[in-house]
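Okay, so here's the structure we're looking at.
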Amino acid sequence: MVKDGDTHLGSLRDGRTVFIDGRRCRDVTADPAFAGAVASAAALYDHQTAHAEEMTFESPTAPGRRVNLAWMMPRDRAELVRRRRAMERWAELSCGMMGRTPDHVASTFVGFMAGLPAWREYDKKRAAALEDYFRHIRDNDLWVAYVIINPQADKAKQAKDQPGGDLVARIVDEDAEGITIRGAKMLATAGVMANEIMVSGIVALQPGDEPYAFTAAMPIATKGLKMHSRRSYEAAAGNGFDYPLAARFDENDAVVFFDDVKIPWERVFVHRDLRMMQAQWHETRAHVMQNYQCIVRLAVKLRFLLGLAHKVAETNGILNFPQTRETLGLLAAKASTIEALVTAMEAGGEDFGGTFVPDRRLLVAAQTVAQTTYPEFIEAIRLLSGGGMIMVPSSVADFDGGEIEQLIHAAQRSPATDSLGRVKLMKLAWDAIGSEFGSRHLQYEMFYSGPQFAIRGNAYRFHDWSAPRGMVERFMDSYGLPGRARQEAAE
């Protein structure tokens, strides 16, 4: 038994509270703001049903139930690679444009479970709650989203010092049944199409922030949980010819407000503990596993953009220009670098309490490189396209079979394709890099893993400096002031 698309679509008709454009969305599977992306989400599960051997494995606690390989806790490198190949296949379905597919937060929980001893040392009850929840989401192959960033306000102040009150989600009450939280978190990427949501924090907290120091999970349809979506690029797209990416893959982002949401203790994993809020990411391997999935997806996305850049050059008749080949060669090298880092972090992986995980040092190296690589790809495609992305017909309606279409055939020319092919490509290129959808992706790829100083700080933190420093020191020990060694020997 494998979860399919229809099953997922049915699970989203649960009465969840989603607001957009001044109204409440009654059914995310049918609403023009979300239906295309939700259909793409369902296609992920249809794909795993059609390719069950490559995409799923049998749950160890639900005999006969096959679930996505993202839930696998790999025991060796071969299982890690098998798991990665399934993630690549899912990413290919959206050209890497859907960043928070179900394998992302699934990877987070695999990392949590790899570090279960850290939870047991902290609190055996919270560890038991985590184990129980992991079995639940794995055995039901649920899509879990998360919100782990505070809404932006005064970045110079701690969460507890923000003016106005109720800005950042915090514990406002607790009893024998659980905790009650109030306030907001973001970004809830793909939250509208998920089954459950985890709420936590990744920014370091200070003494006095204990009410904000919690990690918990709940169904999206939980009473008091309200999602406020950003603008739907899908709804603005209108059709899949003019905006082929936005019409299908706008996974959306939302602010989530918790209006006195009650969460039972069996779904609370960290409770008022400042140290554990950081330990859950870095003393486990959650940070590694979730960002490994991101880099695997990015490798697929860069492959798509590389192909797009090459096709733009062909269409514009500039493929054989030396400067064009230089540009494409550089892009190919950068895309290959990300792919090589994925392979390297697998080859250099470690056994972490029985779970084989990627090399953390190479993971943060890949993150650091990725933050500057994506903008370089976007800039290169802009240069290769020139004005071609702008001067395209206003919409698919211009292909009217009459006078307007004749103008298109007269003005849209290419040595590599016909007028329709040129327009189709340039609209795809614009949607990838210039539309609202494309601009959001540039912002996303630059900042989803954190600000550059934080990612580069991790690259410093996780690097083994003893080897390079030792090389320098050993070499310096091999020489001294001229003549000093002979003089000292004579004395």
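Computed from the coordinates by the stated procedures, all read-outs in this text should not be read as laboratory data. None of the values given here were measured: they were computed from a predicted structure. FYI the Cβ positions are ideal-geometry reconstructions off the backbone, even for glycines, and counts take in every protein chain you see.
Quick notes on this one:
- Across the chain, the mean sequence separation of Cα contacts (distance under 8 Å, 6 or more residues apart), normalised by length, yields a relative contact order of 16 percent.
- Residue among W430, T324, A344 farthest towards the positive dipole end of the stretch 286-467, charges placed on Cβ: A344
- Cα centroid of the stretch 330-362 to Cα centroid of the stretch 55-127, whole Å: 17
- Helix screen, the chain: DSSP H segments with Cα axial length of 30 Å or more and mean Kyte-Doolittle hydropathy at least -1.0 are 286-315, 322-347, 360-385.
- Taking one quarter of the surface of the C-alpha convex hull of the stretch 5-282 gives a mean projected area of 15.4 nm².
- Loop-located GluC sites (Glu not before Pro) in the stretch 174-228 (DSSP state not H, G, I, E or B) with no more than 11 neighbouring Cβ atoms inside 10 Å: E177.
- In this Cβ point-charge picture (+1 for Lys and Arg, -1 for Asp and Glu), the chain has a dipole of about 540 debye about its Cα centre.
- Remark: the stretch 1-157 carries a charge dipole of roughly 520 debye about the Cα centre, counting +1 on each Lys and Arg Cβ and -1 on each Asp and Glu Cβ.
- Per the Cα gyration tensor, the stretch 355-491 maps to an equivalent ellipsoid with semi-axes of 59, 19, 11 Å, ordered largest to smallest.
- The chain: C-alpha gyration tensor shape, a/c 1.5 cut-off, then a/b vs b/c: oblate
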